[in-house]
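The values are calculated or read from the model by the stated rules, or taken from the named source; none is laboratory data. Everything quoted here is computed from the prediction, not taken from an experiment. Here the Cβ positions follow ideal geometry from the backbone for every residue, glycine too, while neighbour counts run over all protein chains shown. Keep in mind that these areas ignore ligands, DNA and RNA; they rest on the heavy atoms of the full protein, side chains included. Shrake-Rupley method; radii C 1.70, N 1.55, O 1.52, S 1.80 Å.
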Amino acid sequence: MNYHVLTLFPEMIEQGMNTSIIGRAIEQGLLSLEAVNIRDYSTNKHHKVDDYPYGGGAGMVMQAQPIYDAYCALEKKMEKKPRVIYLTPQGRTFSQKIAQDLAKEQNLVFLCGHYEGIDERVLEEIVTDYVSIGDYVLTGGELPAMVMMDTISRLIPGVLNNEDSAEYESFQNSLLEHPQYSRPEVWKDKRVPEVLLSGHHEKIAQWRHEQSLERTFLRRPDLLEKAPLDKKDKKYIEQIAANQAISDENVTEE
Ligand code: SAM
């Protein structure tokens, strides 16, 4: 996977991405990262990249020309037109599913806006995907681009030490992950669930699956609509719902 980030703050991308698991994957050549400074493509003698919005209003708008030229220089080096993702609060909300889809690409270009955003005409010309990381407004697209690259990278074979790690995580199969425990067995009088110490793989897998169902039901019931549940799962959830109703009743009575 080759990431190319069009940004006014390349150092932010480089510093943010060159540590820990992702940094190691870059070193190993599993990923590559190129942060392109849009300002380098400004034809203005003061290297200006923004101007006032037509029609008035607050803030500045990033101009089309330097972004377009920076993109064309990238495109020239590629065999086929890449997907170009504009990070914007106006896009569809990023999800594990979108990450899985993007992880299949060989090259991804991320376009980071700043100030009030980007001249619409260059977006129309080069952008293939409009993606938001949530319903709030940040100062720039750099953090959202890093959120996306981090998520996608974990799905690239070899990036995680244990290939299974990504497969069984939250949102795979529309379920949240089961709780995790590590040493010691007892901490602040809390014991690790007995089944996890049993060495009985089948029982552990069943316990984890049930915990996953319960967590998802309690914390993100909306996800269950898309989860592939069998009869046994549905029965288990009905049981949790019934227990929940009883404990809610008891609280009201108290
Ligand atoms: N005026 C724009 C609007 O209302 O849609 C917001 C501009 S924002 C201050 C500056 C830049 O930050 C955007 O161009 C975009 O690249 C990035 N950004 C802000 N919030 C974001 C979000 N939730 N998801 C993705 N990118 C975001």
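Structural remarks
- For segment 235-244, putting each phi into the Karplus relation 6.51 cos²θ - 1.76 cosθ + 1.60 with θ = phi - 60° gives couplings of 5, 4, 5, 4, 5, 5, 4, 5, 4, 5 Hz, in residue order, rounded to whole numbers and with x for Gly and Pro.
- Binning all Cα-Cα separations of segment 1-67 at 10 Å, short to long from zero, yields these whole-percent fractions: 20, 36, 25, 16, 4.
- Listed residue pairs exceeding 29 Å between alpha carbons, taken from Lys45/Lys77; Lys203/Lys226; Lys188/Lys231; Lys104/Lys232; Lys81/Lys226; Lys104/Lys226: Lys188/Lys231; Lys104/Lys232; Lys81/Lys226
- Along the chain, the longest continuous region that contains none of the trypsin sites (Lys or Arg not before Pro) in a DSSP loop with at most 13 other C-beta atoms within 10 Å is 105-187.
- Where only DSSP H runs of four or more residues are counted, the chain gives -12500 deg cm²/dmol as its mean residue ellipticity at 222 nm, each run worth -39500 (n - 2.57).
- Quarter of Cα convex hull surface for segment 57-153, i.e. mean projection, nm²: 6.3 nm²
- For segment 128-192, the solvent-accessible area with a 1.4 angstrom probe is 63 square angstrom per residue.
- Apportionment of accessible area to carbon and sulfur, the chain, percent (1.4 Å): 49 percent
- Solvent-accessible surface (1.4 angstrom probe) belonging to Asp150, in square angstrom, nearest 10: 70 Å²
- Residue by residue, segment 182-189 carries 3J(HN,Hα) couplings of 9, 4, x, 5, 10, 9, 6, 6 Hz when phi is fed to the Karplus relation 6.51 cos²θ - 1.76 cosθ + 1.60 (θ = phi - 60°); x denotes Gly or Pro.
- Per residue, the convex hull spanned by the alpha carbons of the chain comes to 211 Å³.
- Among Ala70, Pro82, Gly59 the positive-end extreme of the charge dipole of segment 46-86 (Cβ point charges): Pro82
- Options Val131, Val147, Leu33, ranked by Cα towards positive dipole end of the chain, top entry (Cβ charges): Leu33
- Per residue Cα convex hull volume in Å³ - calculated over segment 1-127: 129 Å³
- The magnitude of the dipole of segment 170-254, with charges of +1 and -1 set on the Cβ of Lys/Arg and Asp/Glu and taken from the Cα centre, is near 440 debye.
- Compared with the alpha-carbon gap, the fully stretched path from Glu125 to Gln15 is longer by 36.6 nm at 0.36 nm per residue.
- Debye intensity ratio in log₁₀ form over the Cα atoms of segment 125-254, taken at each q of 0.12, 0.14, 0.17 Å⁻¹: -0.73, -0.93, -1.15
- Among Gly23, Gly199, Gly158, the residue with the largest mean-square fluctuation in a Gaussian network model of the chain, with springs joining Cα atoms closer than 10 Å, is Gly199.
- In segment 206-254, the chymotrypsin sites (Phe, Trp or Tyr not before Pro) that fall in loop regions by DSSP, at most 12 other Cβ within 10 Å: none
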